[in-house]
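Undergrad: One structure, as structure tokens, below. Some questions next.
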Amino acid sequence: MKKTINIFLFVTLISMTYSCSQKRLATTPPHQGGSEMLYQYKWNFIELNSQPVSTGRDTSYLLFYPGQINRVSGSTGCNRLTGTFELSDLDKLKFSPLITTRMACPGYDESTLLKALEQVNNWSIINNQLLLSNGRTLVAKLQGVPVTIPK
């Protein structure tokens, strides 16, 4: 009888531990790899503030440079952009003020994209998409396109 109670308590303890660990995993940011994945793709903007991205002349994108860990460049869809960023913890990302060229783009407002990047403070990668957020609010969604580096 005492052995049966001990087994019951052991099984209960194991199932409670497993249940708690499952809840903890569900609230952890869903990364599929570490920050090295940022450097393996050209990240094309597909959504800003839950709206599809309309571009100017070109595709708007971000490109993180391998070997230059804190450098980012890209396009707003009209103007080129460049700057730095800081990664911390597992999911924290903060862009410095980004510099852009100043070409005229009649009918295209890139300020929404630049303001969105200023708000970013965390990131995750799910199914080849880079999700940039401010807290729990999704700011931008980008689709990864593999980068081929010429040899």
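Coordinate-derived values only; no laboratory data. Just so you know, these numbers come straight off a predicted model, no measurement behind them. As a convention, Cβ positions derive from the backbone with ideal geometry for all residues, glycine included, and neighbour counts pool all protein chains shown.
Undergrad: Expressed as a rounded percentage, what relative contact order does the stretch 56-133 have, with Cα pairs under 8 Å and six or more residues apart?
TA: Relative contact order here is 21 percent.
Undergrad: Follow-up question, since we're still on this one. Relative contact order (percent) for the stretch 38-90, with alpha-carbon contacts under 8 angstrom and 6 or more residues of separation?
TA: Numbers: 81 pairs, mean separation 14.7, N = 53.
Relative contact order, the stretch 38-90: 28 percent.
Undergrad: Quick one: order THR148, THR84, THR101 by neighbouring beta-carbon count within 10 Å, fewest to most. Show your work: numbers first, answer last.
TA: Details: THR148 7, THR84 15, THR101 11.
The order, fewest Cβ neighbours first, is THR148, THR101, THR84.
Undergrad: Rounded to whole Å and sorted largest first, what semi-axes of the equivalent ellipsoid does the C-alpha gyration tensor of the stretch 54-151 yield via the square root of 5 times each eigenvalue?
TA: 21, 17, 14
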